[in-house]
Amino acid sequence: GAVVSQHPSRVICKSGTSVKIECRSLDFQATTMFWYRQFPKQSLMLMATSNEGSKATYEQGVEKDKFLINHASLTLSTLTVTSAHPEDSSFYICSARVSTRSRNEQFFGPGTRLTVL
Amino acid sequence: QKEVEQDPGPLSVPEGAIVSLNCTYSNSAFQYFMWYRQYSRKGPELLMYTYSSGNKEDGRFTAQVDKSSKYISLFIRDSQPSDSATYLCAMSAEYTDKLIFGTGTRLQVFP
C-alpha cells in the first residue's frame, strides 16, 4: 500500500517559536498532499491542499501567513507553524493522493502532535 | 447543520459481535464514500472506498451506501479486540479532492 510518513511525531515548543512538520510519500509520487488538523474528539478539518510546484490552496479561515506550506518535490510537503501559540496546539495530519489511484483516495501519515507552551 | 453527521459513541460490544457504524449526510452531490480506522494518536487508515450507491465487501468489513436516504454504513463481522479504534466516515463530490469527515465513532470490543 501507499505509505506516508511524518516527522516529527511529537513536538513541544515555547510560544512564539516556529515549528516545521515534514510529510513524505515513501513509495509513490504525490502531486497533491493535504494538511489536516484534528482537535480531541473532533473530526479532521482540512487546512490546505498542497500541489507540487505551486502555491497551496487554503481553506476558509486558515491563515496562510501563519501556516506556511511548501511542496517542493513529488515526495515531500512541509507545514511550518509560524509564531506558534497555545491555541495552535493540535494533532496535525498530512495525507497524499496517489496519482494512479482514484481521485479521492487519500493515504494518511501518522500525525504530529504539537504542544505549544 | 453539519454536512456529515456521525454518532461519536462510544460503542462497546463483546468479541464476536456484529458492529454497525453509520453516517448521514446532507449534500446530495457526494459520490465517493470512505471509511477510515484511526487508532489512538495515529493517522487514519483507509478501510473501505465506494463510489455511488451499493455494497462492497472486504473480509469482515461491508460498506453500504444508500444515496436515496443519504445514509452510509460500515458493518464489522466477528469483531475482535484489535478492531477497537475510532471509525471515521468521509465523503466527497465529483471533481474535487476535498474530503468531508464525520466526527468519528469510538468502538471498543471487549474480550
Tail weight of P(r) past 20 Å, computed on alpha-carbon pairs of chain B, percent:
35 percent
Need the list of lysines near B:LYS70 for cross-linking: C-alpha distance under 30 angstrom, and skip anything on the same chain fewer than eight residues off.
A:LYS41, B:LYS2, B:LYS42, B:LYS56, B:LYS98
For segment B:46-111, the Cα convex hull volume per residue in Å³ comes to 96 Å³
Once label points are set 7 Å from the Cα along Cα→Cβ at both B:GLN1 and A:CYS13, what is their separation, rounded to one decimal in nm?
4.1 nm
Among A:SER83, A:VAL3, A:THR57, the residue whose Cα sits farthest towards the positive end of the charge dipole of chain A (+1 at Cβ of Lys and Arg, -1 at Cβ of Asp and Glu, taken about the Cα centre) is A:VAL3
Which lysines have a Cα less than 20 Å from the Cα of A:LYS66, not counting those fewer than 8 places away in the same chain?
A:LYS14, A:LYS20, A:LYS55
Chymotrypsin sites (Phe, Trp or Tyr not before Pro) in segment B:5-47 lying in a DSSP loop, each with at most 15 other Cβ atoms within 10 Å of its Cβ, come to B:TYR39
What Kirkwood radius, in Å to one decimal, follows from the Cα pairs of chain A?
14.1 Å
A correct Kirkwood calculation over the Cα atoms of the protein assembly as shown returns a hydrodynamic radius in Å of 18.1 Å
per DSSP, antiparallel bridges as share of beta bridges in chain A, % nearest 5, sits at 90 percent
At 7 Å along the Cα-to-beta-carbon direction for both B:GLU15 and A:SER89, put a label point, then send me their distance in nm to one decimal.
3.7 nm
Can you give the longest run of chain A that contains no trypsin sites (Lys or Arg not before Pro) sitting in a DSSP loop with at most 15 other Cβ atoms inside 10 Å?
A:67-100
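Coordinate-derived values only; no laboratory data. Fair warning: this is a prediction, and the values are worked out from it, not measured in the lab. Backbone-built Cβ (ideal geometry, glycine too); neighbour counts: all protein chains shown.
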